[in-house]
Structure formats: C-alpha cells, structure tokens
Amino acid sequence: MKTALVGFGNPCHGDDGIGPAAARRIYQRLPNPENITLLELATSDFGVMEALIGYQRAVIIDALVDETADVGTLRRLELPEALEDGHLSPHTAGFGAAMALARKLGLAVPGQIALYGVVIRQPPSFSDQLSPELQARLDEIARAIAAAEFTA
C-alpha cells in the first residue's frame with residue numbers, strides 16, 4: 001500500500017516543527033520504507049490534500065497547541081470530513097473539508113488517514129530548534145507513532 005508519512009508544520013517556527021521532526025525520525029528508523037514516502041510540508045490544508053493525491057494511506061503528524069496538557073503529549077485525532085455548502089474557502093476550510101472536497105471531486109486521496117497531534121505551547125516567532133522539553137520527548141513520540149502505524 002502506497003503510504004505518505006507527513007510531517008506537517010514549519011520547522012523555522014520552533015515547536016511547530018514537531019511534525020516534520022517526528023516524521024523524519026520515524027522514517028529513518030523504518031526497516032522497509034520502500035512503499036512509504038516522507039513528506040515534510042509547511043503549507044495550507046489544501047496543499048496537504050494535494051500532496052496526498054495518489055497515496056492509499058497517510059500518517060500525518062502536526063503540532064497541537066493546548067495550554068492544559070503537558071508538552072509532548074501525543075493524541076490520535078479524528079478527522080472530521082464535512083462540507084458545508086457555501087462555507088468552503090481555501091482560507092477558512094480545514095483539512096477535513098479539503099479531503100471531503102477532494103473525494104467529492106473524485107481525486108485519488110488516501111482512504112486511510114491517521115492523524116496525530118503533538119501538544120506544544122504557542123511557538124516563538126522564529127527558531128529552527130525544538131524546545132528542550134519537546135526535543136527530550138522526540139524519540140518517545142516517534143516510537144509510539146511507529147508502533148501504532150508501521151508494525152505488522
């Protein structure tokens with residue numbers, strides 16, 4: 001099954017770069033990555049949807065700002081896929097709506113999507129480094145996702 005391993009986020013925006021960092025760490029440790037493509041994306045939800053065309057499966061990792069949970073907490077998220085007529089815009093639609101639109105248009109987007117959020121605090125303006133707290137949890141995050149998604 002052709003799989004996209006997507007690290008979503010801006011690696012020049014501190015902890016917002018956790019998606020690409022975790023995806024890269026997972027990919028480097030995969031024993032047989034021949035049907036898996038690593039995608040590091042800092043784009044819109046529609047850009048992610050477009051990048052997924054042609055894949056049957058996607059594992060997406062993104063930052064999740066949550067002031068109540070510990071930094072580095074990993075959450076498996078549900079992907080709401082809803083189209084509300086008259087409310088779809090590239091500036092306001094979320095990833096779920098972008099995927100719903102792609103399916104409605106008959107685009108070959110993945111039928112299986114696993115979406116993970118890693119809790120961060122509001123990232124600083126510019127930094128190409130993860131916070132020490134998040135960097136310390138990177139291996140644990142990568143192992144948990146790999147165990148859930150890439151073991152037989």
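The values are calculated or read from the model by the stated rules, or taken from the named source; none is laboratory data. Since the model is a prediction, treat every value here as computed from it, not as a measurement. All Cβ positions, glycine included, derive from the backbone under ideal geometry; neighbour counts span all protein chains shown.
Below are the figures for this structure:
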quantity	calculated
Scope region 118-152; condition surrounded by fewer than 21 Cβ atoms within 10 Å (Cβ to Cβ) and assigned to a strand (DSSP E or B); matching residues	127
Qualifying residue in region 95-110 (condition: in contact with a strand residue (DSSP E or B) (Cβ under 6 Å, 6 or more places away or on another chain), at pLDDT 90 or above and crowded, with 20+ Cβ neighbours inside 10 Å)	yes
Number of positions in region 1-56 that are of a type in the set (D, E, K, R) and at pLDDT below 95	5
Tabulated pairs, region 55-68, first over 24 Å from residue 102 (Cα atoms), second in a loop (DSSP other than H, G, I, E, B) and of a type in the set (D, E, K, R), C-beta under 8 angstrom, 6+ apart or interchain	65/121; 67/121
Subset of region 40-57 [touching a Gly at 6+ places or on another chain (Cβ under 9 Å) and more than 17 Å from residue 79 (Cβ to Cβ)]	40, 42
Where residue 64 falls short, out of the listed (1) part of a helix (DSSP H, G or I); (2) surrounded by 16 or more Cβ atoms within 10 Å (Cβ to Cβ); (3) not aromatic (Phe, Trp, Tyr)	(1)
In region 10-56, the residues that are outside any helix (DSSP H, G or I), among the small types (Gly, Ala, Ser) and within 20 Å of residue 149 (Cα to Cα)	54
Where residue 48 falls short, out of the listed (1) under 19 Å from residue 139 (Cβ atoms); (2) crowded, with 19+ Cβ neighbours inside 10 Å; (3) under 13 Å from the mean Cα position of the chain (by Cα)	(1)
